[in-house]
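One structure is given here, and the rest of the page talks about it.
The values are calculated or read from the model by the stated rules, or taken from the named source; none is laboratory data. No experiment lies behind these values; they were computed from the predicted model shown. Because the Cβ atoms are built from the backbone with ideal geometry, glycine has one as well, and the counts that use them run over all protein chains shown.
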Amino acid sequence: MTCQDYVNLKQQGSAACQKAGRTLVGLQSHRVGCPDGQWNTAAYKCCASGPAPDPCTYSKVGDGVTCQDEIALTQQAADIGTAAGLSMTGAKLPHDCPGGQSTWSGFACCPAKP
């Protein structure tokens, strides 16, 4: 029945969800006899934590205009991955220029597998 601010109620809900191995996804507060900006009860909703975030990064090299060979675009992508401490794991080239060249390449860089 003690009136509290919303942040405090949210922290309590988040702590209860974490204790259950879950994540706070909803909080509905109620005010009965509390001044503005204060609430005395709250109902919270917890859900299972989502999947682990993707450790890979995805990006593009090339300007979409200038034709480059596959080796040059692949090397640019690999250099970006190396600079980020990652390894290039895949590339997509549109081969939109004569001679199998491309104006861009999409690529994925991921942590090296042990």
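Got a number for residues in the range 45-87 being touching a Leu at 6+ places or on another chain (Cβ under 8 Å), more than 30 Å from T23 (Cα to Cα) and surrounded by fewer than 15 Cβ atoms within 10 Å (Cβ to Cβ)?
Final tally of qualifying residues: 1.
Give just the number: which of (1) over 22 Å from C110 (Cβ atoms); (2) in contact with a strand residue (DSSP E or B) (Cβ under 6 Å, 6 or more places away or on another chain); (3) exposed (fewer than 15 other Cβ atoms within 10 Å of the Cβ) does A42 not satisfy?
Going through (1) over 22 Å from C110 (Cβ atoms); (2) in contact with a strand residue (DSSP E or B) (Cβ under 6 Å, 6 or more places away or on another chain); (3) exposed (fewer than 15 other Cβ atoms within 10 Å of the Cβ) one by one, A42 breaks only (3).
Within the range 62-94, count every residue that is assigned to a loop (DSSP other than H, G, I, E, B), in contact with a helix residue (DSSP H, G or I) (Cβ under 9 Å, 6 or more places away or on another chain) and without any contact (Cβ under 8 Å) to a residue 24 or more places away in the chain.
Of the residues in the range 62-94, 1 are assigned to a loop (DSSP other than H, G, I, E, B), in contact with a helix residue (DSSP H, G or I) (Cβ under 9 Å, 6 or more places away or on another chain) and without any contact (Cβ under 8 Å) to a residue 24 or more places away in the chain.
Yes or no, residue by residue, for (1) over 19 Å from the mean Cα position of the chain (by Cα); (2) more than 20 Å from P53 (Cβ to Cβ); (3) of a type outside the set (V, I, T):
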position: L73; (1), (2), (3): yes, yes, yes
position: Q76; (1), (2), (3): yes, yes, yes
position: D79; (1), (2), (3): yes, yes, yes
position: G85; (1), (2), (3): no, no, yes
position: K92; (1), (2), (3): yes, yes, yes
position: H95; (1), (2), (3): yes, yes, yes
position: P98; (1), (2), (3): yes, yes, yes
position: T103; (1), (2), (3): yes, yes, no
position: P111; (1), (2), (3): no, no, yes
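Within 24 Å of the chain's Cα centre (by Cα), hydroxyl-bearing (S, T, Y) and assigned by TED's automatic domain parsing to the domain that holds P98: does that describe T23?
no
How many residues are polar (S, T, N, Q) and within 21 Å of the chain's Cα centre (by Cα) when one looks only at the range 50-71?
2
Could you look through the range 16-46, keep only residues that are small (G, A, S) and not in a loop (DSSP other than H, G, I, E, B), and pick out the one that is farthest from T2 (Cα to Cα)?
G26
C47: under 24 Å from the mean Cα position of the chain (by Cα) and more than 30 Å from A83 (Cβ to Cβ), yes or no?
Yes, satisfied.
Return the pair list, or none, for Cβ contacts closer than 8 Å from residues in the range 15-26 that are charged (D, E, K, R) to residues that are loosely packed, with under 14 Cβ neighbours inside 10 Å and outside any helix (DSSP H, G or I), at least 6 apart or on different chains.
R22/C47; R22/A48; R22/S49
Please go through the range 97-114 and give me each residue that is surrounded by 12 or more Cβ atoms within 10 Å (Cβ to Cβ) and part of a loop (DSSP other than H, G, I, E, B), ordered by number.
Those that are surrounded by 12 or more Cβ atoms within 10 Å (Cβ to Cβ) and part of a loop (DSSP other than H, G, I, E, B): C97, Q101, T103, W104, P111.
Looking at this structure, is T23 out of contact with any helix residue (DSSP H, G or I) (no Cβ under 8 Å at 6 or more places or on another chain) and surrounded by 12 or more Cβ atoms within 10 Å (Cβ to Cβ)?
For T23, the condition - out of contact with any helix residue (DSSP H, G or I) (no Cβ under 8 Å at 6 or more places or on another chain) and surrounded by 12 or more Cβ atoms within 10 Å (Cβ to Cβ) - is not met.
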